[in-house]
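The values are calculated or read from the model by the stated rules, or taken from the named source; none is laboratory data. The model shown is predicted, which means the values in this text are computed figures rather than measured ones. Note that each Cβ is placed from the backbone with ideal geometry, even for glycine, and that neighbours are counted across all protein chains shown.
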Amino acid sequence: MSTLGTAIDSLTAAMKCNILPNQEYLLQGSVLDQYVEVLLHRLRGLCDNVDSGPETFNDHELCYSLRINSANAPCILPLRVRRALDVTDAPFQLRYVGQPELGDKNRPTVVRSSIDMACSSTILEFLNELGCRLDFEYISRGYMFRKGRMKVTVSKIFKMNGMSNKPSEGVEAISQSYLVELSVQAPLGQDAIAEDMRIFAEQLRPLVQLEKIDYKRLGNMMS
Amino acid sequence: MDRDIEQLNSALNSVKILRSNVRRVFESVSNGLRADHGEEIKENRYILELQELLTTVNNNLRDVENSVANLTPPPGAFNLGNTTYLSQETTQDRQQLYGQLVNSYKWTDKIREYSALAGNILASNSFNKTYKTFGTTKRRKTQTSNHNVPPEIIENLITSIDRLFSDVTITASRPFVPNPVIQVALGRVLRAVIAFKGLMIEWVVVKALSEGSDVWTESRYKVFRKVTENCHAAMCHFHSPLMPDLAVRSFMHWFHSYITLFSAPCKRCSKHLHSNLPPTWRDLRSLEPYHEECK
Amino acid sequence: MGVTILAQFPVENKTGPQIIEVLSKRICALGATPQGQFLVDCETFTSVPALGHQRTVHVLHNSEQPATVFALLETGTKTIPLVTDGLFDLLIMKMISFYQSKKHTKTESKGPRFEIGDFSVKLGTVNITSNFKGILVEVEYKPCVVPAMCWDLIMEFMQGFLGSSGPTAPPAFLQNRMQEIYSPIDTIQQYLEHFTIFRKSTGPTMVMRPQQP
Amino acid sequence: MQQREEKQLESSLESIIQRVNDLKASLSSMIMKIETEYETLNWPKFLDNYALVSGQLISLSKVLSHDKCTNLRNLTVLPLMLSPERDEQLVQMTEGRITTFSYDLVPDYLRTKLEPLAEQKMMQLELKAQNLQYDNAQKQIAAYQKVVSHVWDIVNKAREEWEVEASSRGSTQQNSSVADTHLLVAAVGMGKNLKMGGNPNGQPNPTSGGMMVAPQGRPGGPPGQGPIPPSTQAMSMNKAPSAIKTNIKSAAQMHPYGR
C-alpha cells in the first residue's frame, strides 16, 4: 500500500495539470417578460434536455464581502452564497467570483475567475462569524438549460422584502425583463469554448442580445 | 451493390408494367361493350378481349413475384433520411408536438412493460383459486384465503401495526396492488423491507437506514445480514395459515424488540460483543437478546 | 458513516512505530484484515489584526471522505462547522490577506487502517510539522448512527484490544450530542479536540497520560 | 440705331437658340431613356427629368419676356424662296426631320397662330364656359372638390395605416431592452438597487461590530445612488452595540435548515 498524499498535494497536482474549473466564461442579456415564452421554446429546441423540459429553480442569493479598510489599500474578497428555496435538502453553494475581464475585441466572452463549491447550511453563520458583511441579497427564479458544457439560465430577479426568515414572501421584481446568462465553467485557457458560446448566442438573436458587459463602465453609467 | 440496384430496378419496372396492365383491364371493364366489337357476337368478343387482358396481368404478376424473390432484404437499420431532422425542428407548435411524442412513447413503453408484468401475475394468480380445505362455514371461507384478499384488509392491518408502535414508521408502496411492499424503519436503528403476498409475509430484508430500499440486495453490514437471517427464521416460526393477520402481528411484535439491537447486552453472557457482533437473536417468546452462540 | 470514537493511546517511553507495531499485532490477532492507510490533516489560519478580534479557522481533510473539506471556525465563544468540497482549499489561498496560516501548526494523523467485522480501526501517528507527538486510535462502528445506542458496545470493543487504556466515558465533544445522528464532521471535531491538546503540550508527549475527560 | 437693334436681336436670338437647344437635348435624352431604359427606369428618376425640362422651359420663357429681348412678335419671317427639291443643308440642320422647304410644309412650320381646327375647338369651349350658369358652375366645382377631397382622404388614411404598421413592426423586433439588461446585470453583479430597503438592519456582523456600516435610513435615499466606495464606508464606521443581540437572533432565524 502506498502512503497517502495530503489533500493539498492532490490539489496542487490538479492545479498543475490545469483541470480545475476556475474560470467562468460569461455572456449576459435580457428578454422582456412578454417574449420569454418564445425564448424558452427556442431554448428547448436548441438545448440538450429536450424531453424532460426546462429545469426550474428558485434560489436565494446572498452576496457577502470580506474587507479590510486599511489606509493604503482596501482589500475586498467578494463571496456569494446561493441556496435553493424549492429543494430544501440541496446543499448550499458558495462561490468566489473575481473581477470580470473583457479582454480585447476578439475575445467573444467575458472571463472571470470563479471558485464554486457545495457546502453545508452552516455556511451563512460561518461567513457572518468569519467577518463577512452581507452586501445585498436577491431571489432568482427561472429556468435552467444546458447544451454540452454550456449553461443557460433565464431568470427573474426579485428584490427581498427585508424579512430574512421568509425569503420568498413579499418579493418584488426589479424589472420587466428576465435576465439571460450563458456561462461555462472551465479550466484556464480553454478559449475554444468561448467561440462555441458566441455561436450559440448568435442563434438566440434577435430575441436576446447576449453580450460582454463591461461592469466598470456599467458602474459609471448607472450611478 | 450494383446487382442489387439492377434487380431493384427490374422489380420496380415489372410493378409498373403490372399496374399499367391492371389499369387496362379496369378501363375495358368500365367501358363495357364498344362499337368496334361489331354487331353479331359482341359479347363473345368482349369476353375474349377481357380474357386476353387478364392473362397478361397474370403473366405480369408472375414476373413481379419472380423479381421480388430475387431481391435481398437490406441489412442493418434503415436510414431515415430527412425525417431524422424532425427532432431538430424549432418551430414552436411542432416543437411542442415533439415533446408530446417523446412522452407518449415513454408511456406506451411503460404500459407495455407493466401489462406484461400484470399478465404474468394474473396468469399465476387466477381468481378461481380458493382455500377450501378448512372451509366449514361460508363466512370462514372468505377469511382463510390469505394470499388473495382485498387490498383494504391488508391496508387496515398495516395501519394498525403502524399505530401499535410509536417508534416504528411504515411507508408502503404497492407495485402490484394486492401485494404491498412496506418499509419499516425501527427508530434510528435499522430498516426492514417486507414484501407481502396477500396477508402472508413473503420476504424480509434488514438494512441500515442509509442503505437503499431494494428488496433483493442484502445489507453491507454483517450485523444486518445476521438479523435478516433470523427474521427469516422467525417469519417461518410465526407463520400460521389459519390466522394470517395474527402471524403478521406476532412477527412485528418480535421484530420490534430489535430496537435495542446495539444497546442491549446478551442475556446469557452479559456482554455486548461476541465475534464482533452484538446480540442478534431475540427469543421468540420472551424477546430477550442473545448472541447467536449463546441462545 | 457510523459512530466513531477517537482515543489517545499512552506512549510510555516507546517510539511511535513501536506502538503501532504492537497495536497492529493485537488487532490482527483478533481477526482484523489490514485495509490500506488513512490520513487526517489539519491546518490552522488566524485572522489578521485589521479584521477585528481574532478568529481561527481550522481546515481539515480526512482520507475517508477524500472529496470533502471540513472547516471549523472558532470565534472564541463558539465553533461553527462547515462541510464543503475540495475547492475550499483554493478559496483559503485567496483569503491570504485576511486569514494567514499559523506557523508550525500543520498537524496530521496517519497510519494503517483495519477492518474487523462491522468495525473499522485506524491507528494514527500524530505529527506536528513532522515532530512525533503521540498516538490516536480511531474506532468506527459502521452500522449504527446514534452514539448513545452503541457507546457501550464500542467501549467494550476498545477495551478489548486497548486493555485498560481504552476509554471509559464518551469523548467530551460527543457528550452533548449522544442522541443526535452521527455525521463525518463529528469525527473531525474529535480530531481537532485532540490536535489542540497536542499543540498545547510542549515537546513530544512522552510522559503524557491519556486524557480522560 | 438700326445697327444697335440688329445687334440686340442677334444676341437675344443667340440666347434663345441656346436655351432651346438645351431643352431639345434634355427632351431627347428623356425620350431616349424612356425608349431604352424603360425596364429599369423608376418614377423618381422620371420626375427628375421632367423637373429639368420644366426648369428649362421656365428659363426660356423668362428670356423671351426679358426687356432687353427684342419682341419677336414684331418681327416677320419671310420665306424668300420655296423649292420642292431636297435641301441637304436643311436636312442637316433639322437632324433629318425636314428634307424640303416646300409649299405644303412651310405653312405648318412657320405658323404663328394655332391650327384652325384647334382654334375652332378652343373657341367652342370658351363659348360653352361663358354660357354656363353661375350656380351650375359652382355646383360642378363643389362636386369636383368633393371627389378630390374624398380621394385625398383615402390616400391620407392609407398612408397613416402604413406608417402605424411600419412603426409597430419596428417595435415587435424589440424583444429586449438594453436598459433592462444593464439594470439586471448591475443588480446581480453589484447589488445595484438591491442594497437599500431590502435589509433594514443591515445584517451586521455581531462579532465585528467595528466593521459594520450603519444602515443610516438608506431606504429613503435617492434611488439610483451607486454603491458607496469602501473608503467612505470606513469613515462612517459606527458601533451599534445595542443592535447586536437582536441581530444574532435574526441571523439564527435565517437558518431553518440547520442540522
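If the condition is being part of a helix (DSSP H, G or I), under 23 Å from B:R174 (Cβ atoms) and at pLDDT below 90, then region B:204-237 contributes only B:M235. Screening region C:1-83 for strands (runs of 3 or more DSSP E) wholly inside it with 1 or more residues that are out of contact with any Phe, Trp or Tyr (no Cβ under 9 Å at 6 or more places or on another chain) and over 24 Å from C:T168 (Cα atoms) returns the ranges C:33-47, C:68-74. Restricting the search to region A:81-106, which residues are charged (D, E, K, R), more than 10 Å from chain D (Cβ to nearest Cβ) and crowded, with 16+ Cβ neighbours inside 10 Å? Listed by number, the residues that qualify are A:R82, A:R95. Exactly one residue out of A:I174, A:I157, A:I139 is modelled with pLDDT of 90 or more and at the interface with another protein chain (Cβ under 9 Å from one of its Cβ atoms), and it is A:I157.
When restricted to residues that are under 25 Å from A:Y215 (Cα atoms) and either facing chain D (nearest Cβ under 10 Å) or assigned to a helix (DSSP H, G or I) (or both), region A:12-25 contains 0.
Only one entry of A:T109, A:T122 meets the criterion of being out of contact with any Asp or Glu (no Cβ under 8 Å at 6 or more places or on another chain) and away from every other protein chain (no Cβ under 13 Å), and that entry is A:T109.
Considering B:V223, B:V215, the condition of being within 14 Å of chain C (Cβ to nearest Cβ) and either closer than 28 Å to C:G117 by Cα or in contact with a Phe, Trp or Tyr (Cβ under 7 Å, 6 or more places away or on another chain) (or both) is satisfied by B:V223 alone. Within region C:84-104, restricting attention to residues that are more than 7 Å from chain A (Cβ to nearest Cβ) and either in contact with a Cys (Cβ under 8 Å, 6 or more places away or on another chain) or assigned to a helix (DSSP H, G or I) (or both), the residue that is farthest from C:A67 (Cα to Cα) is C:I96. Residue count for region B:242-278 satisfying the condition of being more than 14 Å from chain C (Cβ to nearest Cβ) and either of a type in the set (V, I, T) or in a loop (DSSP other than H, G, I, E, B) (or both): 5. The residues on offer are B:I194, B:I201, B:I158, and the sole one that is assigned to a helix (DSSP H, G or I) and either within 29 Å of B:F262 (Cα to Cα) or within 14 Å of another protein chain (Cβ to nearest Cβ) (or both) is B:I158. Among the residues of region D:66-84, not a single one is modelled with pLDDT of 80 or more and acidic (D, E). It is to be established whether one or more residues within region B:279-289 are under 28 Å from B:S173 (Cβ atoms), in a loop (DSSP other than H, G, I, E, B) and modelled with pLDDT under 90. Scanning region B:279-289, I find no residue that is under 28 Å from B:S173 (Cβ atoms), in a loop (DSSP other than H, G, I, E, B) and modelled with pLDDT under 90, so the answer is no.
Among the residues of region D:62-116, those that are part of a loop (DSSP other than H, G, I, E, B), among the β-branched types (V, I, T) and surrounded by 11 or more Cβ atoms within 10 Å (Cβ to Cβ) comprise D:T70, D:T94, D:I98, D:T99. Per this entry, C:T15 is counted among residues that are touching a residue at least 60 places away in the same chain (Cβ under 8 Å), surrounded by fewer than 18 Cβ atoms within 10 Å (Cβ to Cβ) and assigned by TED's automatic domain parsing to the domain that holds C:R177. When C:T125 is tested against (1) hydroxyl-bearing (S, T, Y); (2) buried (at least 16 other Cβ atoms within 10 Å of the Cβ); (3) not assigned by TED's automatic domain parsing to the domain that holds C:S165, just one condition goes unmet, and that condition is (3). Residues of region C:151-171 include at least one that is more than 27 Å from C:E12 (Cβ to Cβ), over 16 Å from the mean Cα position of the chain (by Cα), at pLDDT 85 or above and assigned to a helix (DSSP H, G or I).
Test C:D118 against the stated conditions and say whether it is over 26 Å from A:A118 (Cβ atoms) and of a type in the set (D, E). Answer is yes for this residue. Of everything listed in (1) within 14 Å of chain C (Cβ to nearest Cβ); (2) surrounded by fewer than 14 Cβ atoms within 10 Å (Cβ to Cβ); (3) more than 31 Å from the chain's Cα centre (by Cα), the single unmet condition for B:S210 is (3). Here region A:100-140 is the region considered, the condition is being acidic (D, E) and in contact with a Leu (Cβ under 9 Å, 6 or more places away or on another chain), and the residue that is farthest from A:D86 (Cα to Cα) is A:E129.
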